[in-house]
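Quick notes on the structure that follows.
The values are calculated or read from the model by the stated rules, or taken from the named source; none is laboratory data. Given the structure is predicted, the values throughout are model-derived calculations rather than measurements. Cβ atoms come from the backbone with ideal geometry, glycine included; neighbour counts cover every protein chain shown. SASA here: full protein model, heavy atoms, side chains in, ligands and nucleic acids out. Shrake-Rupley method; radii C 1.70, N 1.55, O 1.52, S 1.80 Å.
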Amino acid sequence: MSMDISPYGQSQDKIKVLGTGTVGAVAGMSAYYLPVRKDRFVRNAYDIMKEQSEEKILKFNEAALNLSGGGRLKPEQRLFLSQEGVAETFADVNAKVNDLKRIIIDSNYIKTVKEDLANNFANFKKSEALRDSVASKAFQKIRWTNFAWGAGIGFVLASVLGAKVLSVPQKTVEQA
(Lines give C-alpha, C1' and ligand atoms only; values in the text may rest on other atoms or scores of the structure.)
Protein backbone atom coordinates (compact mmCIF):
# COMPACT_ATOMS: atom_id res chain seq x y z
CA MET A 1 0.00 0.00 0.00
CA SER A 2 1.42 3.32 -1.04
CA MET A 3 0.87 6.43 1.07
CA ASP A 4 1.48 9.85 -0.30
CA ILE A 5 3.09 11.71 2.55
CA SER A 6 3.93 15.07 1.20
CA PRO A 7 4.10 18.27 3.21
CA TYR A 8 2.68 20.08 0.19
CA GLY A 9 -0.24 17.72 -0.58
CA GLN A 10 -3.03 19.61 1.14
CA SER A 11 -1.80 23.05 0.19
CA GLN A 12 -1.45 21.94 -3.44
CA ASP A 13 -5.08 20.80 -3.35
CA LYS A 14 -6.15 24.15 -1.90
CA ILE A 15 -4.20 25.97 -4.59
CA LYS A 16 -5.87 23.86 -7.27
CA VAL A 17 -9.31 24.56 -5.81
CA LEU A 18 -8.55 28.30 -5.65
CA GLY A 19 -7.27 28.22 -9.21
CA THR A 20 -10.38 26.43 -10.39
CA GLY A 21 -12.54 28.90 -8.47
CA THR A 22 -10.74 31.83 -10.02
CA VAL A 23 -11.30 30.45 -13.51
CA GLY A 24 -14.99 30.04 -12.64
CA ALA A 25 -15.13 33.60 -11.33
CA VAL A 26 -13.62 34.94 -14.53
CA ALA A 27 -16.17 32.98 -16.55
CA GLY A 28 -18.96 34.25 -14.28
CA MET A 29 -17.93 37.85 -14.86
CA SER A 30 -19.56 37.61 -18.27
CA ALA A 31 -22.87 38.07 -16.41
CA TYR A 32 -22.10 41.79 -16.80
CA TYR A 33 -23.48 41.48 -20.32
CA LEU A 34 -26.79 39.88 -19.35
CA PRO A 35 -29.74 41.86 -20.69
CA VAL A 36 -31.37 44.42 -18.42
CA ARG A 37 -35.09 43.85 -17.79
CA LYS A 38 -37.53 46.75 -17.76
CA ASP A 39 -38.95 46.13 -14.27
CA ARG A 40 -35.48 45.90 -12.74
CA PHE A 41 -34.41 49.10 -14.51
CA VAL A 42 -37.50 50.99 -13.31
CA ARG A 43 -36.99 49.81 -9.72
CA ASN A 44 -33.28 50.76 -9.68
CA ALA A 45 -33.83 54.10 -11.43
CA TYR A 46 -36.56 55.08 -8.96
CA ASP A 47 -34.37 54.02 -6.03
CA ILE A 48 -31.59 56.26 -7.35
CA MET A 49 -34.02 59.18 -7.75
CA LYS A 50 -35.25 58.60 -4.20
CA GLU A 51 -31.69 58.51 -2.79
CA GLN A 52 -30.77 61.71 -4.63
CA SER A 53 -33.92 63.42 -3.34
CA GLU A 54 -33.18 62.34 0.24
CA GLU A 55 -29.63 63.69 -0.02
CA LYS A 56 -30.92 67.01 -1.34
CA ILE A 57 -33.53 67.20 1.42
CA LEU A 58 -30.78 66.81 4.02
CA LYS A 59 -28.77 69.63 2.44
CA PHE A 60 -31.83 71.86 2.21
CA ASN A 61 -32.71 71.15 5.84
CA GLU A 62 -29.20 72.20 6.92
CA ALA A 63 -29.61 75.44 4.99
CA ALA A 64 -33.07 75.98 6.49
CA LEU A 65 -31.68 75.51 10.00
CA ASN A 66 -29.01 78.14 9.37
CA LEU A 67 -31.59 80.52 7.91
CA SER A 68 -34.13 80.00 10.71
CA GLY A 69 -31.57 80.64 13.42
CA GLY A 70 -30.74 83.97 11.91
CA GLY A 71 -27.31 82.68 11.06
CA ARG A 72 -25.51 82.96 7.80
CA LEU A 73 -25.29 80.32 5.15
CA LYS A 74 -22.01 78.58 4.54
CA PRO A 75 -20.46 79.15 1.10
CA GLU A 76 -21.18 75.51 0.15
CA GLN A 77 -24.83 75.97 1.07
CA ARG A 78 -25.08 79.15 -1.00
CA LEU A 79 -23.53 77.37 -3.95
CA PHE A 80 -25.90 74.43 -3.53
CA LEU A 81 -28.95 76.70 -3.35
CA SER A 82 -27.87 78.63 -6.44
CA GLN A 83 -27.25 75.39 -8.37
CA GLU A 84 -30.73 74.21 -7.44
CA GLY A 85 -32.25 77.58 -8.36
CA VAL A 86 -33.58 78.31 -4.88
CA ALA A 87 -33.49 81.75 -3.28
CA GLU A 88 -31.72 82.12 0.06
CA THR A 89 -34.93 82.52 2.05
CA PHE A 90 -36.47 80.17 4.57
CA ALA A 91 -39.81 80.01 2.70
CA ASP A 92 -38.20 79.11 -0.64
CA VAL A 93 -36.04 76.40 0.92
CA ASN A 94 -39.08 74.87 2.68
CA ALA A 95 -41.07 74.94 -0.57
CA LYS A 96 -38.28 73.07 -2.34
CA VAL A 97 -38.09 70.50 0.49
CA ASN A 98 -41.85 69.91 0.16
CA ASP A 99 -41.48 69.40 -3.60
CA LEU A 100 -38.71 66.86 -3.05
CA LYS A 101 -40.70 65.03 -0.38
CA ARG A 102 -43.47 64.62 -2.94
CA ILE A 103 -41.08 62.48 -5.03
CA ILE A 104 -40.75 60.10 -2.07
CA ILE A 105 -44.25 60.21 -0.56
CA ASP A 106 -46.90 60.98 -3.21
CA SER A 107 -48.09 57.66 -4.68
CA ASN A 108 -49.55 59.31 -7.80
CA TYR A 109 -46.27 61.07 -8.54
CA ILE A 110 -44.32 57.86 -7.93
CA LYS A 111 -46.62 55.99 -10.31
CA THR A 112 -46.17 58.67 -12.98
CA VAL A 113 -42.37 58.65 -12.63
CA LYS A 114 -42.23 54.86 -12.86
CA GLU A 115 -44.49 54.88 -15.93
CA ASP A 116 -42.25 57.48 -17.60
CA LEU A 117 -39.17 55.38 -16.86
CA ALA A 118 -40.89 52.27 -18.24
CA ASN A 119 -42.02 54.13 -21.38
CA ASN A 120 -38.52 55.47 -22.03
CA PHE A 121 -36.76 52.17 -21.25
CA ALA A 122 -36.53 51.10 -24.91
CA ASN A 123 -34.88 54.40 -25.86
CA PHE A 124 -32.49 54.27 -22.91
CA LYS A 125 -31.56 50.71 -23.77
CA LYS A 126 -30.89 51.49 -27.44
CA SER A 127 -28.65 54.50 -27.01
CA GLU A 128 -26.44 55.66 -24.17
CA ALA A 129 -26.63 59.18 -25.58
CA LEU A 130 -30.34 59.34 -24.75
CA ARG A 131 -29.85 58.42 -21.09
CA ASP A 132 -30.00 60.98 -18.35
CA SER A 133 -27.83 60.63 -15.25
CA VAL A 134 -30.40 58.53 -13.39
CA ALA A 135 -30.83 56.07 -16.27
CA SER A 136 -27.05 55.78 -16.71
CA LYS A 137 -26.56 55.10 -13.01
CA ALA A 138 -29.35 52.52 -13.03
CA PHE A 139 -27.87 50.63 -15.97
CA GLN A 140 -24.41 50.81 -14.41
CA LYS A 141 -25.69 49.57 -11.04
CA ILE A 142 -27.54 46.64 -12.63
CA ARG A 143 -24.58 45.61 -14.76
CA TRP A 144 -22.06 45.78 -11.91
CA THR A 145 -24.44 43.83 -9.67
CA ASN A 146 -24.66 41.16 -12.39
CA PHE A 147 -20.87 41.21 -12.64
CA ALA A 148 -20.37 40.72 -8.89
CA TRP A 149 -23.00 37.99 -8.58
CA GLY A 150 -21.67 36.20 -11.65
CA ALA A 151 -18.11 36.27 -10.33
CA GLY A 152 -19.20 35.06 -6.90
CA ILE A 153 -21.42 32.28 -8.15
CA GLY A 154 -18.81 31.22 -10.73
CA PHE A 155 -16.11 31.08 -8.05
CA VAL A 156 -18.24 29.03 -5.65
CA LEU A 157 -19.44 26.56 -8.28
CA ALA A 158 -16.00 26.06 -9.77
CA SER A 159 -14.44 25.67 -6.30
CA VAL A 160 -17.02 23.07 -5.29
CA LEU A 161 -16.60 21.18 -8.54
CA GLY A 162 -12.82 21.41 -8.27
CA ALA A 163 -12.90 20.08 -4.70
CA LYS A 164 -15.16 17.20 -5.77
CA VAL A 165 -12.75 16.22 -8.53
CA LEU A 166 -9.79 16.34 -6.13
CA SER A 167 -11.62 14.34 -3.45
CA VAL A 168 -12.28 11.36 -5.77
CA PRO A 169 -9.76 8.68 -4.77
CA GLN A 170 -7.23 7.95 -7.48
CA LYS A 171 -6.09 4.38 -8.05
CA THR A 172 -2.37 4.01 -8.00
CA VAL A 173 -0.39 1.38 -9.87
CA GLU A 174 0.18 -0.59 -6.66
CA GLN A 175 -3.55 -0.82 -5.87
CA ALA A 176 -4.43 -2.30 -9.24
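Taking the helices alone, the chain has a mean residue ellipticity at 222 nm of -26000 deg cm²/dmol, built from -39,500 (n - 2.57) per DSSP H run of at least 4 residues and averaged over all its residues.
Counting only protein heavy atoms and a probe of 1.4 Å, the accessible surface of region 61-167 is 57% carbon and sulfur.
Let me check I've understood the local charge: for Arg131, count other residues with C-beta under 15 angstrom from its C-beta, Lys and Arg +1, Asp and Glu -1. What total comes out? Neighbourhood net charge equals +3. By its C-alpha gyration tensor, with a ≥ b ≥ c as the square roots of the eigenvalues, how is region 77-125 shaped: rounded for a/c under 1.5, else prolate for a/b larger than b/c, else oblate? In terms of gyration-tensor shape, oblate. Given the Cα-Cα distance of Lys59 and Ile105 and 0.36 nm per residue of separation, how much length would full extension add, in nm? Stretched out fully, the Lys59 to Ile105 stretch lengthens by 14.7 nm. Taking each of Lys14/Lys137; Lys14/Lys141; Lys101/Lys137; Lys38/Lys96; Lys141/Lys164 in turn, the alpha-carbon distance tops 27 angstrom for Lys14/Lys137; Lys14/Lys141; Lys38/Lys96; Lys141/Lys164. Counting only protein heavy atoms and a 1.4 Å probe, the chain has 70 square angstrom of accessible area per residue. The convex hull drawn around the Cα atoms of the chain, when projected onto a plane and averaged over every direction, covers 18.1 nm². Inter-part distance, region 70-104 to region 28-46, computed on C-alpha centroids, equals 34 Å.
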